[in-house]
Amino acid sequence: MVYLVRNKEDLDQQLVLAEDKLVVIDFYANWCGPCKIIAPKLEELAQQYSDRAVVLKVDVDDNEEITVEYNVTSMPTFVFIKGGEVLELFVGCNSDKLAKSMEKFAEPVADAEATGQRRSSSHLAGAAMESEDACSAGPSASSSGSVNEDVIRELSEHDQEAVLEH
């Protein structure tokens, strides 16, 4: 089941309740076409991984504080968190990447610790880049911040140049 986050306090509570499960946050907007396209796949994955993952949806228009905190500038943006640590962030309507990331990070907690899957606890600021399958968040979203090197490695050469310009 996908849970619709109401506000910052609600998000914080959901992160605590998730304990050691994977948390996937889908930043979306009702007017975003790619967000509507990927929503059924996200719902399917939420059901498939319900024992190991919590899927949250954050409407960027109703939750500017959260959107700015995670530096979301395009939708859909997916943020993967486990144990309070941001593991990955990606932008766009890419159902294959979404499924692969869910599979990768939704492994049991003991397996994640044994394989050293844990990464930086900082939010992946500045990594949400425009893509052909994403909608711009508009002027209310922040675009400042440092870029996590793990995310840059996954971006195309063109997108890396755009990130470095910020």
Rg(Cα) / (2.2 N^0.38 Å) computed for the stretch 28-110, rounded to two decimals: 1.07
Scan around Met75 for amide H atoms under 5 Å from its own, H built in the peptide plane at 1.01 Å from N, and keep only partners 5 or more places away or cross-chain. Cys135, Ser136, Ala137
What's the extension gain from Asp12 to Glu107 if we count 0.36 nm per residue and subtract their Cα-Cα distance? 31.9 nm
Pseudo-spin-label distance Glu64 to Asp51, built 7 Å along Cα→Cβ, given in nm, is 4.4
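FYI, it's all coordinate maths here, none of it is from the lab. Keep in mind it's a predicted model, so treat the numbers as computed, not measured. Neighbour counts run over all protein chains shown; Cβ positions are idealised from the backbone, glycine included.
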